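Any read-out appearing in this document is the output of simple, stated calculations on the displayed coordinates, not a laboratory observation. All of these numbers come straight from a predicted model, not from anything done at the bench. A quick note on method: Cβ atoms are made from the backbone with ideal geometry, for glycine too, and the neighbour counts reach across all protein chains shown.
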Amino acid sequence: MKVLCRTLFDITATGVTGHFKPSRIPFADAAGSMIYNETDWNRARNQQRNWETLTQLLQLRTQIFDLSIPVTVNGSWQFEFSTEIESLFAVGADEFAVLHSDCDGVPMLAGLDEKHFLTPSLVTTGAQQNIWFDNLSINN
């Protein structure tokens, strides 16, 4: 199953992990942003933390593969991934019920590059929804 995930949270994959290391300054993170000081480091680290949180949620029940790097599109971040089992996340007619359950209410870091006001957690349904999943396999 090939899945598109979209979120309003900044999940830029910066590659910045661990604590601030002044000896590494300055450098460009994996997303191409320059890190000049501890503030830049912490911002890039928080973007990476959101990315790590989301990928860990996706891997609670299976190994994902063909994971793409998130890109920004019209004020949201999106990426694709695949699983081996087609209906892995389905319950009844909702093909992503398990992902919705796993993700709903999980804390995320807001106040990065988001274009929208967000509550600091994933919301999978309703007016405040900030994460969506689409099955790309049915279109191929």
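Around residue 53, under 14 Å between beta carbons, what's the net of Lys plus Arg minus Asp minus Glu among the other residues?
Net charge around residue 53: -2.
If only Cα atoms are counted, what is the Rg of the range 48-103, and what is its Dmax, in Å?
Rg, Dmax (Cα atoms, Å): 12.0, 34.
Be a star and scan the range 70-108 for residues whose amide nitrogen sits under 14 Å from the point 7 Å along the Cα-to-Cβ vector of residue 132.
Answer for the range 70-108: 73-79.
Given a cut-off of 26 Å, what percent of all Cα-Cα pairs of the chain lie beyond it? Mind dumping the intermediate values first?
On the way: 2583 of 9730 pairs.
So the pairs more than 26 Å apart make up 27 percent of the total in the chain.
Just to confirm a number: summing +1 for Lys and Arg and -1 for Asp and Glu over residues other than residue 11 whose beta-carbon lies under 12 angstrom from that of residue 11, what do you get? Before the final figure, lay out the partial values.
On the way: positive: 6, 49; negative: 10, 52, 113, 114.
Neighbour charge sum, excluding residue 11 itself: -2.
Per the Kirkwood definition applied to all pairs of different Cα atoms, how many angstroms is the hydrodynamic radius of the range 73-140?
Working: mean 1/r = 0.0735 Å⁻¹.
Kirkwood radius, the range 73-140: 13.6 Å.
Among 11, 85, 35, determine the one that fluctuates most according to a GNM of the chain built with springs between C-alpha atoms less than 10 Å apart.
85
Figure the gain on full extension for residue 101 and residue 42 (residue separation times 0.36 nm, minus the Cα-Cα span) and round it to one decimal in nm.
Values: separation 59, 0.36 × 59 = 21.24 nm, distance 2.96 nm.
Residue separation times 0.36 nm, minus the Cα-Cα distance, leaves 18.3 nm.
With the chain treated as a Gaussian network of Cα nodes joined by springs under 10 Å, which of 116, 19, 100 yields the largest mean-square fluctuation?
19
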